[in-house]
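Visitor: Before we start, here is the structure in question, set down as structure tokens.
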Amino acid sequence: MEAFFYSPPIAAMMVFLALILVSGWFARYASKEEPGEHALDPYACGQRDVKNYVNPDYSQYYSFAFIFTVAHILILIVATAPSDAQILPIAYVVSGVLAILIALKR
């Protein structure tokens, strides 16, 4: 019987039912009022009708974030690789270097 409750479909159904029960319990505390007239207005630091609102462009930042992420994953893979498996870390390093070179060319 214990194996029945630990099977993935039954465990997922139990979690789903628990979420439905908790959601129903919290629904009692939800606001029943109608939303205000500015409920769907855009938010700019608590100000309305901001004429000089600046939307910064982070598109140049993404390549550096990608390089950092690839380098971080490469270091983790190489550091945690078993000593008898050398091909997988080498393949990760080669693919990571290629990914970094492609990101730097943009």
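The values are calculated or read from the model by the stated rules, or taken from the named source; none is laboratory data. Note that the coordinates shown come from a computational prediction; the quantities given were computed from them, not determined experimentally. Cβ atoms come from the backbone with ideal geometry, glycine included; neighbour counts cover every protein chain shown.
Visitor: Exactly one condition in (1) assigned to a helix (DSSP H, G or I); (2) under 19 Å from the mean Cα position of the chain (by Cα) is false for Y58; which is it?
Guide: Every listed condition holds for Y58 apart from (1).
Visitor: Only one of these is surrounded by fewer than 10 Cβ atoms within 10 Å (Cβ to Cβ), at pLDDT below 90 and in a helix (DSSP H, G or I): A39, A3. Name it.
Guide: Only one candidate passes the filter, namely A3.
Visitor: When both residues are 6+ apart or on different chains and their Cβ atoms are under 8 Å apart, which pairs have a first residue that lies in the stretch 88-106 and is over 11 Å from A71 (Cα atoms), and a second that is not hydrophobic (A, V, I, L, M, F, W, C)?
Guide: Listed by first residue and then by second, the contacts come to A103/S63; L104/S63; R106/S63.
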